[in-house]
Amino acid sequence: MISGQSRRSFLHVGFCGGVGLSLAQYFQLKSAQADIKQYESKEGSAKSVIFIFLPGGMAHQESFDPKPYAPIEYRGPMSSIQTNVPGVFINERWVQTAQVMDKLALCRSMTHGEAAHERGTHNMFTGYRPSPALQYPSMGSVVSHEFGPKNNIPQYICIPSQPNEFAGTGYLSSSFAPFSLGSDPAAGGFSVQDLQLPGGVTDERFTRRRRALDAVNDYFVTKEKADSLDAVDTFYQRAYGLISSQQAREAFDLSKETDALRDAYGRNTAGARMLMARRLIEAGARFVTLTYGGWDMHDNIAAGMNGQVPPLDQAFAQLIRDLEARGRLKDTLVCIASEFGRTPKINGTSGRDHWPKVFSVVMAGGGVKGGLVYGTSNSTASEPEDNPLNVEDWATTIYHCLGIVADKELMAPGDRPIEIVDGGKVRSELLV
Amino acid sequence: MKTMIRFALLAVLSVLPAGVNGDEPAPASLNVFPADIHLSAVRDRQLLLVQAVLANGLTVDVTEKAELKVENEGLLRREGTTFYPVADGTTKLTVSYGGQAVEVPVVVQNCQVDPPVSFRLDVMPVFMKTSCNNGSCHGAARGKDGFRLSLFGFDPEGDHYRLTREIPGRRINLALPAESLLMEKGAGQVPHTGGKRFEVGSEHYNTVLRWLEAGAPNDPGPTPAVVSVEIYPKEAVLDGEGATQKLMVRAKYADGTDRDVTSLAYFSSNNENSAEIAQAGLVTAHARGEAFIMARFETHTVGSHFIVLPKGLQYEDPKTPENNYVDTLVNAKLRKLRIVPSELCTDEEFLRRVSLDITGTMPTMSEYDSFMADTDPQKRDKLVDSLLQRKEFVDMWVMKWAELLQVRTIANRVEKKPMLAYYNWLKDRIASNTPTDKMVQELLSARGGSFSSPATNYYQTETETLKVSENVAQVFMGMRMQCAQCHNHPFDRWTMDDYYGFAAFFSQIGRKQGEDPRETIIFNSGGGEVRHLVGGRVMAPKFLGGATPDLAGRDRRQVMAEWLASPENPYFAKNLANIVWAHFFGRGIIHEVDDVRVSNPPVNAELLDELGRKFTEYNYDFRKLVRDICTSRTYQLSTKTNETNASDHKNFAHSELRRIRAEVLLDCISIVTTTQDKFPGLPVGARAVQIADGNTATYFLTTFGRAKRESVCSCEVKMEPNLSQALHLINGDTSNAKIRQGGLIPTRLKEGKSVGDIVSELYLRCFSRRPTEKELASLTALVAEQQNTAEALEDVFWSLLNSREFLFNH
């Protein structure tokens, strides 16, 4: 190839070109020239997403889809409580969440066919069934690809770190990888990996270092021209922005919140992660993924839920209330998801096993209706009944809220244009 | 192509005076396609193309201008340059242009025979040509709008069923064929998501209609298979925007007949910006560049190589010196593209580049001094030879092979002990320079315990039959077969038969636990078959693109290994040569190296062929290949570009900046800061390149993209930058703590070295060059500003480690 650029080479350029172009713009510009389905992404009803993922597969029966009238072997050992939306019941442990039900949309008809952890997880992070031929990008990486950073804050952040391989960039350039905090915000002495200047380096000294670096770089960058060089430069500029901007650095600092608020979230893993997520989206992050707990409760499900739910319940309800109070719930989409639900019948060890046929997800804010129960499962919570919600439609709806048309094609290796989501429809019933 | 030109030259007859067509320069040779015409049914036909090759290498489509003369005019009817049969017999056609003439023998047989429309031979190709069965339409796994066809027609039987029987009466109407939904949708007469695919009355419309009129029959028995597909011309060099070239595609069938399938082949271009292809088979030149034009017919994809040059481009062969065959072949391609390669890089650049590439280390100060002081004109070759003897060269390639062979621990499957045995086995093979074919054969036919016969770990790292087979194809032949598991490969020649036939070699691997629970014993179980996904047939083991071997009494893997790592397998040597090449250039001649397919052709096929041939000739000693590559002028080119090669990044016309890979970068930081690392299971001071287990992770290595070896994909090694990398080098331990730990600066200050000397040393350590006067002046000034000289020099050191020049090999 001499001066024309093939679609394939766009892909392998892999880097930001030219002055004044962000990485995402560069990719958008390039892919815009290719013969693929192209839509421009414009900020939608949700400016940001907080994606709360509960690894292991949370039982839908012991959370958002209790079956109090089912026989005991289906119903399980726990009972249910009334929420602040008349007629809507959830599991008894979700006391605080029950009081913000009017802000939530419960989808009780989520369904896919993948009963293995990694395959189910793949579905929920990418909106695709796993393929042997292609690694799909996570929703967060797609968002990172579609939108540039705001206020020096990385677009896609994982708390505490990238939870699994499907939360990564898939076939997209690893430049769109999540930024990981690197440690748990609930831990004592928490700090974000490499965000602070090292000991002995003051701001003043750092400025000198940057001057020295500019002097050293000058010779090479004058001599060499390459996209890969510009891309490194882009990330150095972003790093400087993050390090130098007090506002950006403070986004990662929970101690800037009042003690009362931190207590309200709970001074534990769930509380700290959710509060961190709220701070990050306020600072400009587009997609914040956080994980909490382990939900693979093959044995003694009641004990498991009793142990894991209360901190989550408190933190989640507080997150919704806090966002609402700050006027940010309307443009922040909060999702709770898990790779699948659990078997309708209690098993021989008082637990439940994997069940992907039907389970529940929660959506709130960012253009999603509150106080809504969307879709139902049947009387034993074993099959979807009304409005089965597949992964494609669910992901498409999330993208829609963000202002991304999921039918858009991105270029995968081998000149394969691949839809962000294949054949998904927006479930407008969920939207305001 | 060469053979075509040769044929054309041989066939030249000087019958006409030169310059019949006035303004066109007389051609140096004339290509006529096809070389022979066979017409064998009333519906048969053959398009004829004439291509003039000018003395300067440009080609011109002179089909319309050439004079065509049939000796026995009664046999053929002509429309444009397409010939139709009229009467049986043999004759010849003389094509004349610009003072040259070529004869084409013609045979017409069975010209009164009108065979019925065949579902497989005639109707199925229409679905592909009109994109009905592609992946975004009815070829999708779930079909489209309720109707499914098999992707690119891998399942004609199923397609016939779905068209004629699935919803009776819906898709076809045998009473009123033209009112079948199939016809009305296809012709856009009723709303159709896919729009109009063919015009009423067009050739494709009529084919399907005729089939319906005949009662939509399935083929009564097997139809002759397509044995090969040819595309003409095989290459073209077009002069400027707007130049055009017609294409012709011909299929050959197992029954000996051939057929002009130009109208049925699906065309695509891998670079529409340079050469656009219309489905009628006409290429139009646009911007300067190269394009590979592909035609797909049935399961065959064939390609033609197009170059587009600016109109009237002035070019003078720079007569670039050539060190060896690598340069000869690279320059031959560059000449076609009218590109002038860059100048040689400086000695300093070469020293750093080749040390990083061969040994994964930075040259020491004394290596720098002695190399720079050496006045021997052969000193670069000498340096390559000495680097090849270093043990770091072995470490580098053990690491690369460990990625290909996925050396890593896996919970409950591969414990540390067998993993280490596997690694040591590999290291021993590379260190002792075992011929690569022997090593691969030993690996793939390995039997025994994973302790005592460590190569068997290969079959323990991956235990799923299909996946093992896919991995073998990807690593040793560069092919991604995964697509063909569920449908014929959409971008390559591979069918599901090929896929399951190859997988059958791996269906009889027995695994049992050894006495030590950490050991697995791999043996030949002698039983177990692979079944085809469609229909469940048991598949006989068949080499990819090769024979179905006699396996009587033999371990299937043994037979496969002996074929795979041998010259009989056309992909093996070339694929490994390409992997070696890519290590030194940052991109393969086929790129990515494990994405070998018809639709991703080598940028320089002659070069790849020759590298493969040499590798075989060297008895698979890849050190010799490395030597050829590193001593070539092409490897030693500067990154500085000229007007002609600045925008080329594929043809090795200049050197490219390559970010240094994670392990090597960490080792280099340790080398220049005089610090040591401690990795799990290795002694203090061992290098990151030497880490055996893919599962060993450090923050630095993970952040800079070390392969976890979870898959065999070359994409696991990540070279793209990200925010965490920048933050880590700016604020992290690897730069800051190591500068302190190494204590280089206080040591030098104590020795009484001046600031200038220390800055110079840092430059030599990190960049293998001295600072320019400007750099020295500005950095010493910066240091002088501060009270604390040691701290200020540390800042300089920090800035060198954070610099682009350090991060890249150049």
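A short reminder: the numbers here are calculations on the coordinates, not readings from a lab. All values derive from a computational prediction rather than experimental measurement. All Cβ positions, glycine included, derive from the backbone under ideal geometry; neighbour counts span all protein chains shown.
Hey, what did the range B:119-213 get for relative contact order, percent, Cα under 8 Å, at least 6 apart?
This gives 20 percent for the range B:119-213.
At R0 = 51 Å, how high is the FRET efficiency between residue B:64 and residue A:84 if r is their beta carbon distance? Nearest 0.05 is fine. Could you put the intermediate results ahead of the total?
Details: r = 80 Å, r/R0 = 1.58.
The computed FRET efficiency comes out at 0.05.
Here's how it looks for residue B:524: its modeled amide H is under 5 Å from those of B:510, which are all 5 or more places away or on a different chain. Note on residue B:69: lysines with a C-alpha under 29 Å away, same-chain residues under 8 apart excluded, are B:2, B:92, B:234, B:246, B:252.
How much length is gained if the chain between residue B:785 and residue B:516 is pulled fully straight, taking 0.36 nm per residue apart and subtracting their Cα-Cα distance, in nm to one decimal? If you can, show how the numbers build up before the last one.
Values: separation 269, 0.36 × 269 = 96.84 nm, distance 6.64 nm.
This chain segment gains 90.2 nm when fully extended.
For the pair residue A:240 and residue B:314, what calculated FRET efficiency results from E = 1/(1 + (r/R0)^6), where r is the Cβ-Cβ distance and R0 = 41 Å, to the nearest 0.05? Efficiency for this residue pair is about 0.30.
Given axes a ≥ b ≥ c from the Cα gyration tensor, I'd like to know whether the range B:119-213 is rounded (a/c under 1.5), prolate (a/b larger than b/c) or oblate.
On the way: a/c = 1.28, a/b = 1.22, b/c = 1.05.
Since a/c stays below 1.5, the shape of the range B:119-213 is classed as rounded.
Distant-in-sequence amide contacts of residue A:110, defined by a placed amide H-H separation under 5 Å and a gap of 5 or more residues or a different chain, comprise A:359, A:361, A:389.
The DSSP beta bridges internal to chain A are antiparallel in roughly 50% of cases.
Applying both filters, DSSP loop and at most 12 other Cβ atoms within 10 Å, to the GluC sites (Glu not before Pro) of the range B:222-329 gives B:316.
Membrane-span-like helices in chain A, defined purely by DSSP H runs whose alpha carbon atoms cover 15 Å or more axially and whose average Kyte-Doolittle hydropathy reaches -1.0, are A:23-33, A:227-244, A:269-283, A:301-325, A:391-402.
Note on residue A:203/residue B:343: beta-carbon distance plugged into 1/(1 + (r/R0)^6) with R0 of 51 Å gives a FRET efficiency of 0.70.
Averaging sequence separations of C-alpha pairs under 8 Å and six or more residues apart, then dividing by the length of the range B:229-313, give the relative contact order as a whole percent.
Working: 214 pairs, mean separation 30.6, N = 85.
Computed over the range B:229-313, the figure is 36 percent.
With the simple spin-label model, which puts each label point 7 Å out from Cα in the Cβ direction, the residue B:78 to residue B:416 separation comes to 8.2 nm.
Let me know the shape class of the range A:141-285, please: from the alpha-carbon gyration tensor, a ≥ b ≥ c as square roots of the eigenvalues, rounded when a/c is under 1.5, otherwise prolate if a/b is greater than b/c, or oblate.
On the way: a/c = 2.53, a/b = 1.44, b/c = 1.75.
Cα axes put the range A:141-285 in the oblate bin.
Karplus-based coupling profile of the range B:298-305, in residue order and whole Hz: 6, 8, 9, 10, 10, x, 10, 9, with θ = phi - 60° in 6.51 cos²θ - 1.76 cosθ + 1.60 and x standing for Gly or Pro. Seen from all directions on average, the protein assembly as shown presents a Cα convex hull projection of 52.5 nm².
Compute the orientation-averaged projected area for the range B:743-810 from the convex hull of its Cα atoms and round it to one decimal in nm². Numbers along the way, then the final one.
Values: hull surface 17.6 nm².
Mean projected area of the Cα convex hull: 4.4 nm².
Compute the Cα gyration tensor for the range A:373-432, then decide on rounded, prolate or oblate, letting a ≥ b ≥ c be the square roots of its eigenvalues: rounded whenever a/c is under 1.5, prolate when a/b is larger than b/c in the other cases, and oblate in all that remain.
It is oblate, given that a/c is not under 1.5 and a/b is not larger than b/c.
Taking amide H positions as modeled 1.01 Å from N, with prolines and chain starts lacking one, the residues under 5 Å from residue B:246 and 5 or more places away or on another chain are B:283.
Set the bar at 30 Å for Cα to Cα. Now go through A:225/B:614; A:223/B:624; A:47/A:256 and name every pair that lies beyond it. Could you put the intermediate results ahead of the total?
Working: A:225/B:614 35 Å; A:223/B:624 33 Å; A:47/A:256 23 Å.
Violating the 30 Å Cα-Cα cut-off are A:225/B:614; A:223/B:624.
Expressed to the nearest 5 percent, the antiparallel share of DSSP beta bridges inside the protein assembly as shown is 75 percent. May I ask which of B:382/B:438; B:379/B:774; A:67/A:330; B:417/B:438; A:357/A:425 have a Cα-Cα span longer than 26 Å here? Correct reply: B:382/B:438; B:379/B:774; A:67/A:330. The modelled label-to-label distance between residue A:116 and residue A:326, using points 7 Å beyond Cα along the C-beta direction, is 4.0 nm. Between residue B:751 and residue B:697, full extension at 0.36 nm per residue minus the direct alpha carbon distance yields a gain of 15.6 nm.
Can you list the trypsin sites (Lys or Arg not before Pro) in the range A:130-239 that are in a DSSP coil and have 16 or fewer other beta carbons within 10 angstrom? Don't jump to the answer; show the numbers that get you there.
Values: sites: A:150, A:205, A:208, A:209, A:210, A:211, A:223, A:225, A:238; in loops: A:225.
Listed in order of number, the matching sites are A:225.
Using Cα pairs closer than 8 Å and at least 6 residues apart in sequence, work out the relative contact order for chain A, in percent.
Values: 913 pairs, mean separation 131.4, N = 432.
Averaging sequence separation for qualifying contacts and normalising by length gives 30 percent for chain A.
Fewest first, what order do B:810, A:122 take by the number of other Cβ atoms within 10 Å? The order, fewest Cβ neighbours first, is B:810, A:122. Along the range B:510-515 the Karplus relation, 6.51 cos²θ - 1.76 cosθ + 1.60 evaluated at θ = phi - 60°, assigns HN-Hα couplings of x, 10, 8, 6, x, 4 Hz to successive residues, with x for each Gly and Pro.
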